[in-house]
Every structure is written in C-alpha cells, then in structure tokens.
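First up is the structure itself, then whatever we jot down about it.
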Amino acid sequence: MKGNLFSSLKTDLPAGVVVFFVALPLCLGIALASGAPLFSGLIAGIIGGVVVGSLSGSPLGVSGPAAGLAVIVLNAIVDLGFEIFLVAVVLAGVIQLISGMLKAGVIAYYFPSSVIYGMLSGIGIIIFIKQIPHSIGYDKDPEGDFEFRQVDGENSFSELYNMLDYIDPFVVIIAVVSLFILILWDSPMMKKFKLIQILPGPLVAVISGVLLNLYFDEFLSYHLASDHLVSVPPVKNMSGFVSNFSFPDFSGLTNADVYVTAVVIAIVASLETLLCVEASDKLDPLKRVTPTNRELKAQGVGNIISGFIGGLPITQVIVRSSANVQAGGKTKISAIFHGLLLLGSVVLIPTILNLIPLATLAAILLIVGYKLAKPEVFKRMYSQGFGQFIPFIVTIAGVVFIDLLWGLGIGLVVAAVMVPKHQLRSAIKVNKEDLKTGKTVTVILGKRVTFLNKAKLIKLLNEIPDESSTVINLSENEYMHFDVAEIIEDFKASAKSRTIEVNVIDTPEK
C-alpha cells in the first residue's frame, strides 16, 4: 500500500502546490463571506488537507471550507456567536461520523451523471464569472461570495457592470500575463519540454505576479492596494500563532438552536461531500471508486477537530478536487501536501504570501472554471439525447441562478420525472453464491436499466472478488442509461488492477 501511495510523488507534489494556490484565496474568501475570522478558513483548509486527506479513501478529493455553506454559517454566527457556533460544528462532525458508521454514504449513487456534470459545469460558470472582476481590479466582494444574489443587493451579472468603473490597468496586466502563462504551460508545445513541466504553470504564474507587483512598486511607483493582494494574518511567533485559535463555548449545549444548526450543517456538508465524491470519481482517469461511508467518517472527524480549534465546517470541495485532477494528482498525497503547505505558509511566509496579487489567483480560477464548463461537455451531453441534456441544463441553471442545493434538487426531480414508471423496477440479477465462492460471477442486466439502479450495480461490482472472472450479460437489455454504461466501462478499466477477467456478452446466446 505504501508503495502505491508514494509511487506518484513526482506528480502528486506539484499537484499539491497547485491545489494550495487554489485553496489559499478560497479559504480566506469563504471565511470573509461567512462572517468568520480569516484564520478560521485557514484552519479548515489545513484540517481538510492533512486530517481528512489522511483518513479519506478518496484518491483525488480535496477537502476544506465550502462556499455552499457560507450563508448557513453566516446566519449561525450572527444568531449564536462564533464560539457557540463552533459547538454546532463539533456536533455536526459527530453526526457525520455516526452516519458513516450507519452506512449512509450510498445516497450519492442515486444522482444521475447528467445532474452531477450539470453541478460541475454550473460551479465552473460561477467560478469563471466571479473571477472576472478580480482580474481587472474590482475586489469589493470577497473571493468566497459565490451566491448569485448577494447581500448587498447585487448579483453575479450586475457586478460585471459595476466593475467597469474600477478597471485598474496594472491589475489587468498581471491578470493577462498570468493567463498567458497558464494557457502556454498547458499547450501541447510546452508539454514536450520535460524540464519546464517540472514547474507547474500556476506556480510560475504566481511567481510572475509577485515579480510584476514588486516591479510596479519599485520602478513605476505604483502600489497595488491591499484589497488587490492576498491577506494572510501575520504570525510573528508560536504564541502569536496559538492566539489565532478559537475554542467552542460548550455552555451552548443548552441552546436548542445549536442542535438545529448542527443537523443542518451535517446534512448539507454530507450531501455536498458525497456529490463531490461522485464528481471527483468521474474525473479520475483511473476510474477508482471512493468508499463513501469511509468518506463520511473522515469528514466527521475533520469537522470535530476543526470545530474544537476554531475552524469552519469542512466538506470535500469540487473546485479544489478538480484542480487536483487537472494538475495531474494521482493519490491523496497531493491533498495532504496542500494542507501541509497551507500550515507552513501561515507559520513561515505570511509576508511573501501577502505579495501575491488576487488577479493572479483569479487567472488560475478562470482556467479551473473553464475546464469544468468547457464546450466539449455541453456537446457530449447533447449528443446523449434530451434525457441527459435537459436535466444537465436545468441543473446548471439552478446552480448558477439560485444555489448549489436548489440546482441539484431541481435537476434530480427533472431527471426522475423523465424516467418512465415501467423502468423503475430492479433490472439486475446475480447469483450471490458465486460472489462467496469466487467462481465466475455472472451479472445479468434486464431489458431496461436506469440511473436508479446505479447503487445496486456499483455495490455488486465492488463485491466481486479480486483475481476472479466476471461475465456481464447484456443479451436481454434493450435500454441502458448512460450512467449504467459508464459504470460498466469504469469497472472494466479498474478490473485490470484487481486482476479480474471481464467478458461482456451483448448478443443473445444461442
């Protein structure tokens, strides 16, 4: 196991650096959007990387504070106060830990891929839109403000109009140079030079942004305003570091609102985590399957610790996870390493970090947003028919114009309505004795198999013993949902590493 975990250090460590540069502004921004101390966002990022990353079974998922919880956290802090709110975070972690023990992780399997890809694309669009103002020097709103309707009465599109009065040519230069470097580094031409590829593009962009910032200051007498730069709380010594921690006020256990808040955080955080697990697994080139119950336990432990030392609630976050995939991460070492970098940066180099322009970080996130919602995804979903495309588009609209949970809920309802009633019955057959004896396992798919059969099929394929043989019989099948076909293809790909021989029968047996 250790050999496998550390066999990809040459890709995992650079990926961890990339995730670090993506996570840093998000940790700070989400803390701002949540009305919490900035340090609480960094604590959540560190715990999400080091603790949850170590305990999780997700090879590519990265955890930390989530923008989807910002409104819930903001209201809770206003109503309860920060120290009592931390009690709710601890209790939410306990609820998640118990949920994992009760094997509640299966819920994510009932979300169709059209909804999951819609979620990913919707988040990508939001990220892209939200970073445009930062790339020209309009930093009035915090980085983590991902809601369409904002507390100041503005929305995502009206902010694009408002930003026109705040264009800063020096900020634009930094953003354009950073974007140029990122696009160039990702081009086929640059990938031919292995020596250059040792340095990840985002790191080169950040270094360039810092150097441009220093050049403007030294030679052009132009100083970037503090709200155009990263702002990490300074730590002069260990006592100063410890003083940034907050601790829960357990007198709040007598307050009924604490328990209500804990349940809400646990439900929302668990749902976001499980959906991100599903999405991260779909992005995984090796098609590995994350054990969802173990993930819930890891998230629970992470939230218990985060709440105890003054951190925000933690979930697995698709922005950081997708950045990890795009940067070439292979194992959870990249997530752990990004957490260690967050810790080291806060302790050792806050002055250097505070020289990084937000415009450079915005450029990194513009690329991440584009890759999540690139036109190829829309073309692929359209080619799969309206049964896939309509839930996909509806989910995107809900995520962009309302919020993440509403978008997922509406998309799921639309996807379920589009499944004819006669397709709801179970359509997967297998001899359970073959699973126990290790003989050839024959999986028979009936006439019609929908996304509602995903959970059973995934569970069944995971139970097939290593070093065995499997026959997937499709001879009776007339309709197969794209999610089911994808699961079978993913199983065929992962079966090689488990030494499972897979044979597919797709014509009637004579």
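Values quoted throughout were computed directly from the atomic coordinates according to the rules given, and no laboratory measurement underlies them. As the structure is a computational prediction, the values presented were derived from the model and not from experiment. With ideal geometry, Cβ positions are generated from the backbone for all residues, glycine too; neighbour counts draw on all protein chains shown.
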Sort the following peptides by mean Cβ neighbour count (other Cβ atoms within 10 Å, averaged over residues), highest first: 292-303, 363-374, 11-22.
292-303, 11-22, 363-374
Just need the relative contact order of the range 16-353 here, percent rounded to a whole number, with Cα pairs under 8 Å and 6+ apart.
44
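Among the listed pairs LYS297/LYS459; LYS330/LYS456; LYS379/LYS454, which are separated by more than 26 Å between their Cα atoms? Each step should come with its number before you reach the end.
Details: LYS297/LYS459 19 Å; LYS330/LYS456 28 Å; LYS379/LYS454 24 Å.
As for pairs spanning more than 26 Å Cα to Cα, those are LYS330/LYS456.
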Output the 0 to 90 degree angle, nearest 10, between the alpha-carbon long axis of helix 169-185 and the longest principal axis computed from the alpha carbons of the chain.
30
What is the percent of Cα-Cα separations in the range 428-505 that go past 18 Å?
33
Suppose the chain between ARG380 and VAL78 were pulled fully straight at 0.36 nm per residue; how much longer would it get relative to their current alpha carbon spacing?
104.3 nm
Between ASP249 and SER7, what is the spin-label point distance in nm, taking each point 7 Å from the Cα along the Cα→C-beta axis?
5.3
Are any of the pairs LYS130/LYS371; LYS130/LYS287; LYS10/LYS332; LYS287/LYS496; LYS191/LYS332; LYS439/LYS492 more than 20 Å apart by Cα-Cα distance, and if so, which?
LYS130/LYS287; LYS191/LYS332
P(r) of the range 349-430 over all Cα-Cα pairs, binned every 5 Å from zero, in whole percent
3, 12, 13, 15, 16, 11, 9, 7, 5, 4, 2, 2, 0
For the chain, give me the percentage of DSSP beta bridges that are antiparallel, rounded to the nearest 5 percent.
40
Once phi for every residue in the range 33-43 is put through the Karplus expression 6.51 cos²θ - 1.76 cosθ + 1.60 (θ = phi - 60°), the whole-Hz ³J(HN,Hα) values, with Gly and Pro written as x, are 5, 8, x, 10, x, 4, 5, 5, x, 5, 4
State whether the range 1-132 is rounded, prolate or oblate according to the following rule on the C-alpha gyration tensor (a ≥ b ≥ c being the square roots of its eigenvalues): a/c under 1.5 gives rounded; otherwise a/b larger than b/c gives prolate, and the remaining case gives oblate.
rounded
1/(1 + (r/R0)^6) with r = Cβ-Cβ of ALA455 and ASP165, R0 = 35 Å, i.e. FRET efficiency to nearest 0.05, evaluates to 0.10
Order by protection proxy (mean Cβ within 10 Å, highest first), peptides 462-472, 45-55
45-55, 462-472
Could I have the simple spin-label model distance between VAL242 and SER187, label points 7 Å from Cα toward Cβ, reported in nm to one decimal?
5.3
Relative to the first principal axis of the alpha-carbon coordinates of the chain, what is the inclination of helix 201-219, with its axis defined by its Cα atoms, in degrees from 0 to 90 and to the nearest 10?
10
Computed, not fitted: 222 nm per-residue ellipticity of the chain from DSSP H runs ≥ 4 (each -39500 (n - 2.57)), nearest 500, equal to -19000 deg cm²/dmol
Apply the Karplus curve 6.51 cos²θ - 1.76 cosθ + 1.60, θ = phi - 60°, to the phi angles in the range 7-24 and return the couplings in whole Hz, x for Gly and Pro.
6, 10, 4, 5, 9, 5, 5, x, 5, x, 5, 4, 4, 4, 6, 6, 6, 3
Taking the chain as the reference, fit the longest principal axis to its C-alpha atoms, fit the long axis of helix 256-283 to the helix C-alpha atoms, and give the angle between the two in degrees, 0 to 90, nearest 10.
70
Matching label, volume of the Cα convex hull per residue in Å³ computed from the structure shown, candidates (1) 461; (2) 197; (3) 165
(3)
Expressed in nm to one decimal, what extension gain is obtained for the pair LYS436 and VAL260 from 0.36 nm per residue of sequence separation less their Cα-Cα distance?
59.0 nm
Rounded to the nearest 0.05, FRET efficiency between MET101 and TYR479 (Cβ-Cβ, R0 35 Å) equals 0.40
